[in-house]
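Before any comments, here is the structure.
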Amino acid sequence: MSNTKYILGSFADPDDMMHGIDKLQANNISIYDCFTPMPIHGIEAKLGVRPSRLPIAAFCFGALGTTLGFSLLYYTMVYDWPMNIGGKPSFAMPNFVPVTFEVTILLCALGMVATFFFRNHLFPGRTPRVMDLRATDDRFILAVDAKENTDHALIDSLLKEAGAVEVKYNDRKYVSYE
Amino acid sequence: MTGKDITYAKITDDILLPVENKPNKAWWIGFTVAVLGALLWVVSVSYTFWTGIGAWGLNKTVGWAWDITDFVWWVGIGHAGTLISAVLLIFRQNWRNSINRSAEAMTIFAVICAATYVVAHMGRPWLAYWIFPLPNQFGSLWVNFNSPLVWDAFAISTYFTVSLVFWYCGLLPDIATIRDRATGLKQKIYSVLSFGWNGSVKTWQRFEIVSLILAGISTPLVLSVHTIVSMDFATSVIPGWHTTIFPPYFVAGAIFSGFAMVQTLLLILRKVMNFENYITMFHIESMNIIIMTTGSIVGVAYLTELFIAMYSRSEYEMYAFENRMLGPYAWAYWSMMTCNVISPQLFWFKKIRTSIPISWILSIVVNIGMWFERFVIIVTSLHRDYLPSSWAMFYPTWTDVGIFVGSIGLFFTLFLLFLRFLPGIAIAEVKLLLKSSSLQHKTKLAQEGAFPAEQVEYFQESLEKYDSVTEEEIKELSVRK
């Protein structure tokens with residue numbers, strides 16, 4: 001038994017990679033992940049990746065922003081220190097709109113991006129979990145777990161048939177940046 | 001996108017060329033001049049902080065002048081970046097992919113320049129935080145949320161934060177590209193900056209959602225920012241400021257000046273950085289059309305203002321506009337009219353809007369005109385107030401000039417540093433175009449006979465104006481294989 005942990009199919013063209021996914025799936029070989037230099041439309045559906053729930057998070061953060069923004073205005077302008085400006089009502093709703101709106105947008109953006117970074121483990125200084133250095137340049141990488149799928153010869157031939165430029169057998173999961 | 005034999009690898013190589021190599025002479029010359037300008041800015045701003053705003057040419061009658069003019073000018077310029085990245089993304093205009101990165105960078109640097117004026121004009125800049133509702137030693141006397149100046153503080157800081165986040169999220173995949181091609185210390189630095197990006201399916205999926213939603217919320221945000229800036233004037237009772245047309249008029253003006261600045265920058269950028277294949281005549285012409293359209297909207301707004309002043313029969317309102325056109329600042333008013341209303345109309349001519357030197361000069365003319373617009377609005381409305389005995393003129397001091405000229409230096413310093421260390425074009429997004437809107441791909445499809453002959457002919461005709469497409473390449477389109 002070899003020490004191969006992951007088999008990587010390296011494609012020069014995204015359409016070939018999609019073709020490779022079809023071939024592997026037709027042969028019941030599970031795909032670990034794909035690493036690409038650009039977003040590939042339609043790949044989530046093919047791999048059965050569920051739609052992202054980020055819009056829900058964004059909406060919740062936005063709603064929180066509206067609530068906090070409005071509460072701030074109400075507390076300061078109406079409750080804590082109401083000002084008599086020419087006898088006009090201190091609860092001047094139209095004047096509360098701009099700041100409430102800005103706080104909504106701010107919290108929605110920051111909250112959504114923070115959620116994105118948290119869920120994808122993105123933060124400054126994180127060691128990149130990259131399987132092939134060219135996946136951020138010009139190669140479309142299809143990774144197969146070699147321990148789960150033992151028929152390596154079949155995987156190799158399927159990937160090459162689909163148009164893989166190179167098939168790699170990696171002993172370690174990620175590229176070392178040391 | 002034009003050019004031959006373009007591959008994914010070539011896109012990366014082309015765009016990263018200025019980042020991965022030592023800068024050329026043009027960069028060093030530009031950078032030196034920009035840094036000298038930035039130094040002038042440091043000196044002028046420090047002098048202002050040291051002496052107070054008495055260093056400026058303000059007087060009892062004209063309390064706002066160059067400083068606020070420059071502020072509104074920079075904020076307006078910033079708007080085009082968000083418009084290109086957000087509004088064009090929502091409308092699925094994929095030609096934005098090659099210009100959005102530099103336009104967003106422009107937004108951020110322009111808003112930085114703008115923010116410095118806000119802080120500087122406060123007089124006691126070390127108390128700038130008083131504009132935010134923080135608990136304080138006065139028994140929590142809060143800020144007045146009925147004031148547009150407070151709204152502006154919220155709008156500008158939100159706008160800056162959201163633009164920065166939008167820009168940086170978009171940069172992550174491209175920083176990862178630099179990281180994976182670099183070695184040693186450079187790799188370590190870009191690794192930290194890349195946040196550990198790896199381009200997996202789930203990352204890209206969430207990335208696209210984040211981009212789309214950020215675009216969706218940035219669109220109303222950008223409109224709100226200049227609306228609120230205009231309300232700084234419109235909610236006052238100064239004749240010439242107190243008009244309901246201000247919000248849409250300011251927003252159109254902002255887009256107008258912003259696109260002009262993008263044009264000024266990109267025409268140099270594509271030449272110096274050899275990006276002719278990515279930033280093509282299509283971009284230049286499209287932006288000129290936007291400049292022409294928004295310029296016309298601004299022109300209509302100027303005329304509407306005049307008409308409403310006359311129609312109101314309000315003595316003060318009518319005098320404010322009469323004074324603008326015929327008073328001591330008539331030269332500024334007519335410079336504004338010429339630069340903003342007449343000059344963009346030249347873009348109706350195809351020869352002019354597809355000529356690079358003329359487009360560049362006109363884009364600068366528009367920027368000058370838009371500076372005058374703000375100067376005219378601010379100074380001519382103030383300098384003759386209700387009491388003729390207090391009428392006065394405004395004369396700038398060297399500090400006024402230094403802060404303005406210096407801020408242009410500051411802007412270019414930041415922009416040139418950006419071009420040196422980060423990719424000036426969004427690499428990942430341009431790669432999306434390779435197999436959809438590139439000339440190479442279209443040529444292949446045409447040769448295979450995918451389009452009817454008259455469409456190919458039309459396409460060939462439209463390619464003639466491109467400086468990056470040779471005649472051979474055009475002829476090749478009609479060769480059947």
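The values are calculated or read from the model by the stated rules, or taken from the named source; none is laboratory data. This structure is a prediction, so every number in the text was calculated from the model and none was measured. As a convention, Cβ positions derive from the backbone with ideal geometry for all residues, glycine included, and neighbour counts pool all protein chains shown.
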| note | A:Val78 meets each of (1) modelled with pLDDT of 90 or more; (2) not in a helix (DSSP H, G or I) with one exception, condition (2)
| remark: Only one of B:Thr203, B:Thr161 is at the interface with chain A (Cβ under 7 Å from one of its Cβ atoms), assigned to a helix (DSSP H, G or I) and within 29 Å of the chain's Cα centre (by Cα), namely B:Thr161
| field | Residues that are touching a Lys or Arg at 6+ places or on another chain (Cβ under 9 Å) and modelled with pLDDT of 85 or more, drawn from the range A:147-170 | value | A:Leu158, A:Leu159, A:Glu161, A:Ala162, A:Val165, A:Glu166, A:Val167, A:Tyr169, A:Asn170
| Do we have A:Leu122 as buried (at least 17 other Cβ atoms within 10 Å of the Cβ), within 14 Å of chain B (Cβ to nearest Cβ) and without any contact (Cβ under 8 Å) to a residue 40 or more places away in the chain here? | yes
| query | Is it fair to say A:Val113 is among the aliphatic types (A, V, I, L, M), crowded, with 22+ Cβ neighbours inside 10 Å, under 23 Å from A:Phe61 (Cα atoms) and within 9 Å of chain B (Cβ to nearest Cβ)? | reply | yes
| request: Among the numbered conditions (1) part of a loop (DSSP other than H, G, I, E, B); (2) buried (at least 19 other Cβ atoms within 10 Å of the Cβ), tell me where B:Thr244 comes up short. | output: (2)
| task | Pick out the one residue from B:Gly3, B:Gly52 that is away from every other protein chain (no Cβ under 14 Å), out of contact with any strand residue (DSSP E or B) (no Cβ under 8 Å at 6 or more places or on another chain), closer than 30 Å to B:Tyr159 by Cβ and not β-branched (Val, Ile, Thr). | result | B:Gly52
| remark: Scanning the range B:353-402 residue by residue, the ones that are at pLDDT 90 or above, outside any helix (DSSP H, G or I) and aromatic (Phe, Trp, Tyr) total 3
| Among the residues listed as A:Gly69, A:Gly65, A:Gly87, the single one being without any contact (Cβ under 8 Å) to a residue 24 or more places away in the chain and either within 30 Å of A:Asp151 (Cβ to Cβ) or more than 8 Å from chain B (Cβ to nearest Cβ) (or both) | A:Gly87
| Residue check, A:Ala153 against (1) over 30 Å from A:Phe59 (Cβ atoms); (2) free of Cβ contacts under 8 Å to residues at least 12 places away in the same chain; (3) facing another protein chain (nearest Cβ under 8 Å), all met but one. Which one? | (3)
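Per-residue answers, yes or no, for (1) over 30 Å from B:Ser157 (Cβ atoms); (2) within 9 Å of chain B (Cβ to nearest Cβ); (3) in a loop (DSSP other than H, G, I, E, B); (4) touching a Cys at 6+ places or on another chain (Cβ under 9 Å):
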| site | (1), (2), (3), (4) |
| --- | --- |
| A:Thr100 | no, no, no, no |
| A:Ile105 | no, yes, no, no |
| A:Ala109 | no, yes, no, no |
| A:Thr127 | yes, yes, yes, no |
| A:Arg134 | yes, yes, no, no |
| A:Ile141 | yes, yes, no, yes |
| A:Val144 | yes, no, no, no |
| A:Lys160 | yes, no, no, no |
| query | Given B:Ala153, B:Ala128, which one is small (Gly, Ala, Ser) and either more than 10 Å from chain A (Cβ to nearest Cβ) or closer than 30 Å to A:Thr136 by Cα (or both)? | reply | B:Ala128
| Is at least one residue of the range B:10-26 in contact (Cβ under 8 Å) with a residue 12 or more places away in the chain, surrounded by 14 or more Cβ atoms within 10 Å (Cβ to Cβ), in contact with a Lys or Arg (Cβ under 6 Å, 6 or more places away or on another chain) and within 14 Å of another protein chain (Cβ to nearest Cβ)? | yes
